[in-house]
Amino acid sequence: MRGDLVRKLIARCLSTGLAVLAFLVVALTGATGWGLGLVVAALAATAAERRVRPGADTTAETTLIAAAVLVGYARRSDGGFDPALAATALVLLGLVLLVGPLRQAGNLEIRAANLPVRSWTPLVATHLGDALLGLLAVVAVAAAATLPAVVALVVALLVAAGAGAVALDLARRRFRPAAGGGPVSRALRRHQPEFLLHFSAPPGSEYQVTMWLPYLERIGRPFLVLVREPEFLAPIAAATTAPVVYCPALRAMDEVLVPSLKVAFYVNHGAKNSHCIRFTQLTHVQLHHGDSDKAPSANPVSGIFDRIFVAGQAAIDRYARAGVSIPAEKFVVVGRPQVESIDVRPEPLPADAPRTVLYTPTWTGHHADADYCSLPVAEPLLRRLLDRGATVILRAHPYTTQNPASARQLGRLTELLAADRARTGRPHLWGAAASRDLSLVECVNRSDALVSDVSGVISDYLYSGKPFAVTDMADEGDRFRELFPLAGAGYVLRRDMANVDDVLDRLLGDDPLAPERWATRRRYLGDFPADSYADAFLDAARRELESGWNPPAPRVGPPVEPAPLSPTA
């Protein structure tokens, strides 16, 4: 993702450059005060880099900063050799060398939320780098204020004592593990979970889990969420009362997969799924996090799962159309439970009624063949909608801002909506107001029509019965509906927007495709009663939990790592 890479490069250059500059100014010039000021700036840049690159190795930067601080301290003191300052230097050197390995060791420990366990050591270990940066800032301030070096020594010793306690506890955990597993394993055995949701994905993907949590909770059986990246622990734990466990390595999974577990659910095709699939006595069920005609929705990696829960027959046909051979008995049609709260509109609006249009551009994808993003050509579309008096809800994909070009294009569209809202008073929505303050279901219910790229949003919107248009960004022409059959129930916008007025006439007017949409809805979303729509998923999940089960036995040999394909449907 180009935007993410640019941010990481900028953060790296700033932290390294300021650290080098601070050392050179302090060591080679007499401007000690300016040098200490640059030290503070370098510390701030290093802290920012650690947020942008959570696993970044900042040993070189902190070494240079520590050296600059100590040289500056010696020059400001100007009292000859100071034993306290020499001792401070030794403590800082030890911390600089130890913080990285201790953080790595802490990251190999299991962490959990929503469980009655206290596991402070891994958490403290992950923040030792921040503590070191804070210590260097305190020492820099002490140097600038010409405080006695003993002050810096006392503070350094306090941080060193905490690091030492962490090191001792991590060593005890590694070389003298507790019988019967650690505290997290013991707590899970008491919890007796019957199923788990395994999740691994790029940062910002927690929506793939949170959309399923309410329905996993409605199954009515104890469960846990197992995440493989530490940044997901807090946001997912805040969205559920179920235990959420971070497992950094295969060894940790052996401890967390307690004997009560029967089923493992998955919401994407992340490469680390194979780490859990090696437990053959679990039934492995792929749920997906959306239903669309995108290429990743017919991922051949789906074949490794025991069951594939799909929204409707169209999903099964999609695999066959892509040439992916999967036994029919693996598929279970369960609908798309997330649409149960979508309001259905069986009758069209009057022709003169004001319209609210939901526009949901997708992101550019990991690969060119999955780039369905319409942001580069969206400005004429929005101008035509505004000319027709429509209110627009602009809800972009969560990954949009990771691409600098997409972020700029999105910015122009929001400026256009803001200007129109100021001029006309129409309550357009964008940004956090459309993506965080409102759920997708609420956006669907507020709108009268949808304009979207090829994505799972269209399948969800289909449930409402309201009209939609889809963008043909590959300029496929007549082949577009063959490649993306769902588009047959909607109005297709050409890439050059040459037919935008004709599409909007039908989308916001007589809507001749309304009958086709109802037939397509059954094929894509199943034919389940509206008042109990989610029961199809709940019943299917409970059936998987009813089968007999034995304690998990990992496959012999290392897990097979599938190619890291896009986790986004």
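The values are calculated or read from the model by the stated rules, or taken from the named source; none is laboratory data. Remember, it's a predicted structure, so these values are computed and weren't measured experimentally. Glycine gets a Cβ as well: all are built from the backbone with ideal geometry, and neighbour counts include every protein chain shown. Ligands, DNA and RNA are stripped out before the accessible areas are found, and what is left, the full protein with its side chains, is counted by its heavy atoms. Shrake-Rupley method; radii C 1.70, N 1.55, O 1.52, S 1.80 Å.
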Stretch gain in nm, segment ARG75-ASP306, where the contour uses 0.36 nm per residue and the Cα spacing is subtracted: 76.3 nm
Burial order of peptide ranges 499-507, 458-466, 416-424 (average beta-carbon count within 10 Å, highest first): 458-466, 499-507, 416-424
Gap separating the Cα centres of the stretch 50-94 and the stretch 481-502, nearest whole Å: 62 Å
Relative packing of 196-205, 235-244, which averages over residues the other C-beta atoms within 10 Å, highest first: 196-205, 235-244
Per residue value of the accessible surface for the chain (all protein chains in place, 1.4 Å probe), Å²: 43 Å²
Hits among lysines - C-alpha to C-alpha of LYS8 under 30 Å, sequence gap 8 or more where chains match: LYS272, LYS294
Relative packing of 68-75, 165-172, which averages over residues the other C-beta atoms within 10 Å, highest first: 68-75, 165-172
Restricting the stretch 294-325 to chymotrypsin sites (Phe, Trp or Tyr not before Pro) in coil, as DSSP defines it, with at most 15 other Cβ within 10 Å: none
ASP291 accessible area, 1.4 Å probe, all protein chains in place, Å² to nearest 10: 10 Å²
Rounded to the nearest 10 Å², the accessible area of ARG383 at probe 1.4 Å: 110 Å²
Helix runs (DSSP H) in the chain reaching 18 Å along axis by Cα, Kyte-Doolittle at least 0.5: 2-28, 32-52, 59-77, 83-107, 128-144, 149-175
Selection from ALA242, SER292, ALA320 lying farthest towards where the dipole of the chain points positive, charges on Cβ: ALA242
Debye log10 I(q)/I(0) at q = 0.15, 0.26 Å⁻¹ for the stretch 56-145, Cα point scatterers: -0.63, -1.28
For HIS284, residues with placed amide H under 5 Å, excluding near neighbours: ALA264, ASP306, ARG307
Charge context of VAL324, other residues only, Cβ under 13 angstrom, K/R +1, D/E -1: +2
Difference of contour (0.36 nm per residue) and Cα-Cα distance, LEU545 to LEU97: 156.4 nm
Extreme residue, positive dipole direction of the stretch 313-445, given options ALA418, VAL334, CYS443 (C-beta unit charges): ALA418
For LEU197, distant residues with modelled amide H under 5 Å away: LEU224, VAL225, LEU226, PHE265
Inter-site label distance for SER325 and ALA145 at 7 Å from Cα along Cβ, in nm: 7.5 nm
Nearest-0.05 FRET efficiency for ARG174 and VAL344, computed from C-beta distance (R0 45 Å): 0.20
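Using the Cα centre of the chain as the reference point, and only Cβ charges (+1 on K/R, -1 on D/E), how large is the resulting charge dipole? Debye, rounded to the nearest 20.
Working: 58 positive and 55 negative charges, 332 e Å.
Result for the chain is approximately 1600 debye, rounded to the nearest 20.
I want the local charge near ALA432. Using Cβ-Cβ distances under 14 Å, sum +1 for each Lys or Arg and -1 for each Asp or Glu among the other residues. Let's see the in-between values first.
Details: positive: ARG395, ARG436; negative: ASP437, GLU442.
Value of the local net charge: 0.
Placing unit charges on C-beta atoms (Lys and Arg positive, Asp and Glu negative, everything else neutral), compute the dipole magnitude of the stretch 435-474 about its Cα centre in debye, rounded to 20.
Working: 3 positive and 6 negative charges, 18 e Å.
Charge dipole, the stretch 435-474, about its Cα centre: 80 debye, nearest 20.
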Estimated [θ] at 222 nm from DSSP helical runs (n ≥ 4, -39500 (n - 2.57)) normalised by residues in the chain, nearest 500: -15000 deg cm²/dmol
5 angstrom amide H check on VAL492, placed H, neighbours 5+ away: VAL470
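For the chain, what percent of Cα pairs sit more than 47 Å apart? Before the final figure, lay out the partial values.
Numbers: 43153 of 161596 pairs.
Percent of Cα pairs beyond 47 Å in the chain: 27.
Per residue, how much space in cubic angstrom lies within the convex hull of the C-alpha atoms of the stretch 8-52?
Values: hull volume 1.9 nm³, N = 45.
Convex hull volume per residue, Cα atoms: 42 Å³.
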Cα-Cα P(r), the stretch 25-78, percent of pairs per 5 Å interval: 4, 21, 28, 20, 13, 8, 5, 1
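Take the solvent-accessible surface of the protein heavy atoms, probe 1.4 Å, and return the percent of it on the stretch 253-358 that carbon and sulfur atoms account for. It would help to have the intermediate numbers written out before the result.
Working: 1920 of 3620 Å².
That fraction is 53 percent.
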Residue-by-residue Karplus 3J(HN,Hα) for the stretch 355-364, coefficients 6.51, -1.76, 1.60, Hz, glycine and proline x: 10, 10, 10, 8, 10, 10, x, 8, 9, 7
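Let me know the charge dipole size of the stretch 170-264 about its Cα centre in debye, to the nearest 20, where only the beta-carbon of Lys, Arg (+1) and Asp, Glu (-1) is charged.
Numbers: 12 positive and 7 negative charges, 114 e Å.
Charge dipole of the stretch 170-264: 540 debye, to the nearest 20.
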